[in-house]
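Take a look at the structure below.
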Amino acid sequence: MTTFRIGEVAELLGVSADTVRRWIDGGRLPAERDEHAHRVVRGVDLARFVRSLARQPEAEHKLSSARNRFRGIVTEITKDAVMAQVEIQAGPFRVVSLMSREAVDALGLEVGSVAVATVKSTNVVVEVPGGNDPTGPESWEA
């Protein structure tokens with residue numbers, strides 16, 4: 001059975017360890033004690049909790065078939081005469097979008113503004129951290 005310590009849960013969800021403790025103390029996230037009396041969260045319980053969070057619509061959520069929404073802060077915008085590249089930091093994730101310059105201007109995007117990146121894709125690559133694939137992220141150079 002896979003279990004996660006509070007710090008690992010916090011890192012996975014992009015929140016603080018204190019937030020995870022509040023969820024546990026408030027009964028929102030089940031936890032148990034390990035052999036060292038540390039609180040741990042079973043993987044199946046964490047998966048159930050994360051799915052429940054995903055079902056809670058944001059106040060300004062619009063109807064959409066897309067399920068992958070990353071709310072974050074615009075950290076960089078690069079524009080030329082026709083196109084623009086917009087970077088959003090959504091928790092621990094950096095999302096980059098290429099769009100028309102006209103769309104950036106119409107949305108009023110600027111560094112420091114809040115934006116939601118919505119991803120709709122038929123192909124999603126799933127990787128396991130620490131895998132042995134020589135072409136995986138652990139082999140990328142910084």
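The values are calculated or read from the model by the stated rules, or taken from the named source; none is laboratory data. If you're wondering where the values come from, they're calculated on a predicted model, not measured in any experiment. We place every Cβ from the backbone using ideal geometry, glycine too, and count neighbours over all the protein chains shown. Ligands, DNA and RNA are stripped out before the accessible areas are found, and what is left, the full protein with its side chains, is counted by its heavy atoms. Shrake-Rupley method; radii C 1.70, N 1.55, O 1.52, S 1.80 Å.
Condition (residue is among the small types (Gly, Ala, Ser), assigned to a loop (DSSP other than H, G, I, E, B) and at pLDDT 90 or above) applied to region 33-50: is it met by at least one residue? Before you say what the answer is, go through the steps one by one.
At the first step, the residues of region 33-50 found to be among the small types (Gly, Ala, Ser) are 37, 43, 47.
Remaining after also requiring assigned to a loop (DSSP other than H, G, I, E, B): 37.
In the following step, the residues that additionally are at pLDDT 90 or above were identified as 37.
Within region 33-50, one or more residues are among the small types (Gly, Ala, Ser), assigned to a loop (DSSP other than H, G, I, E, B) and at pLDDT 90 or above.
Tally the residues that are open to solvent by less than 50 Å² (accessible area, probe 1.4 Å) and under 17 Å from Leu53 (Cβ atoms), restricting the search to region 18-41. Can you show your working first?
Our first condition is that a residue be open to solvent by less than 50 Å² (accessible area, probe 1.4 Å); within region 18-41, this holds for 19-20, 23-24, 29, 31, 34, 40-41.
From what is left, the residues that are under 17 Å from Leu53 (Cβ atoms) are 19-20, 23-24, 29, 31, 41.
Going through region 18-41 one residue at a time, the tally reaches 7.
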